[in-house]
Amino acid sequence: ARFYQLDAFPNGCQSDECNNGLDALKWLNGAPYTPYAETNEGQATLFTYIIAVFIKLFGQNVQTMRMVSALMGTLTVLAFFFLAQELYGQRLALLTAVLVAADRWHITFSRIVYELIMMPLALALQTLFLVKALKTGRRRWWGLAGLMLALGMNTYTAYRVVPAFVAIYFVYWLFQFSARDGLLA
């Protein structure tokens, strides 16, 4: 559903999609790196840099740009599977993956060239790595969780609220840990 006839459905190239493609072409033609672009009333640029790589590899057309979104959408289904598996086990992980894979909103945004499609992927991976870090205490999971937080900040503007939620969770976690071990007396 995410890759089927990307060149035909949806029809044409809508203005935000075209703006993302134009930014990718600017960077392919030597424009300096910037983490933020004024395009589409302002946006993070990771998505358009990935589009630039795809244009370089597969050619300059709408289908190539939409392949980036379709790939991100597909990877999101996998990320949700692994997150749900970590939290709830194999059976609920399969159900979760099926629900995300069949979600109309997610399929739609997996077929158009909007940077928004990267946010659920980054958030699912960040949460997965954070859960693994909290369970195991291993540094690699903490590092990957931090890396995903940083990458997530470069996916979509709304991701800016995520660090606040992470901070609130850590305060909660510290209080739970301290209360459990009798450190709060």
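The values are calculated or read from the model by the stated rules, or taken from the named source; none is laboratory data. The model shown is predicted, which means the values in this text are computed figures rather than measured ones. Glycine gets a Cβ as well: all are built from the backbone with ideal geometry, and neighbour counts include every protein chain shown. Just the protein is used for accessible areas: all its heavy atoms, side chains included, with ligands, DNA and RNA removed. Shrake-Rupley method; radii C 1.70, N 1.55, O 1.52, S 1.80 Å.
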Regarding Phe82, is this residue open to solvent by 60 Å² or more (accessible area, probe 1.4 Å), among the aromatic types (Phe, Trp, Tyr) and at pLDDT 95 or above? yes
Suppose we keep only residues that are buried (at least 18 other Cβ atoms within 10 Å of the Cβ) and not small (Gly, Ala, Ser) within the stretch 20-45. Which one would you say is modelled with the lowest pLDDT? Gln43
Quick check on this structure: which one of Leu121, Leu92, Leu116, Leu128 is at pLDDT below 95 and either in contact with a helix residue (DSSP H, G or I) (Cβ under 7 Å, 6 or more places away or on another chain) or among the polar types (S, T, N, Q) (or both)? Leu116
Tell me, yes or no, whether the stretch 1-18 has at least one residue that is among the basic types (Lys, Arg), open to solvent by 30 Å² or more (accessible area, probe 1.4 Å) and touching a residue at least 24 places away in the same chain (Cβ under 8 Å). no
Has the stretch 85-94 got at least one residue that is open to solvent by less than 70 Å² (accessible area, probe 1.4 Å) and more than 28 Å from Ala145 (Cα to Cα)? no
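For (1) farther than 20 Å from His106 by Cβ; (2) part of a loop (DSSP other than H, G, I, E, B), each residue gets a yes or a no:
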{"residue": "Trp27", "(1), (2)": "yes, no"}
{"residue": "Tyr33", "(1), (2)": "yes, yes"}
{"residue": "Thr48", "(1), (2)": "yes, no"}
{"residue": "Met67", "(1), (2)": "no, no"}
{"residue": "Val77", "(1), (2)": "no, no"}
{"residue": "Gln85", "(1), (2)": "no, no"}
Filtered residues of the stretch 65-79 (kept if open to solvent by 40 Å² or more (accessible area, probe 1.4 Å) and within 13 Å of Ile112 (Cα to Cα)): Met67, Leu71
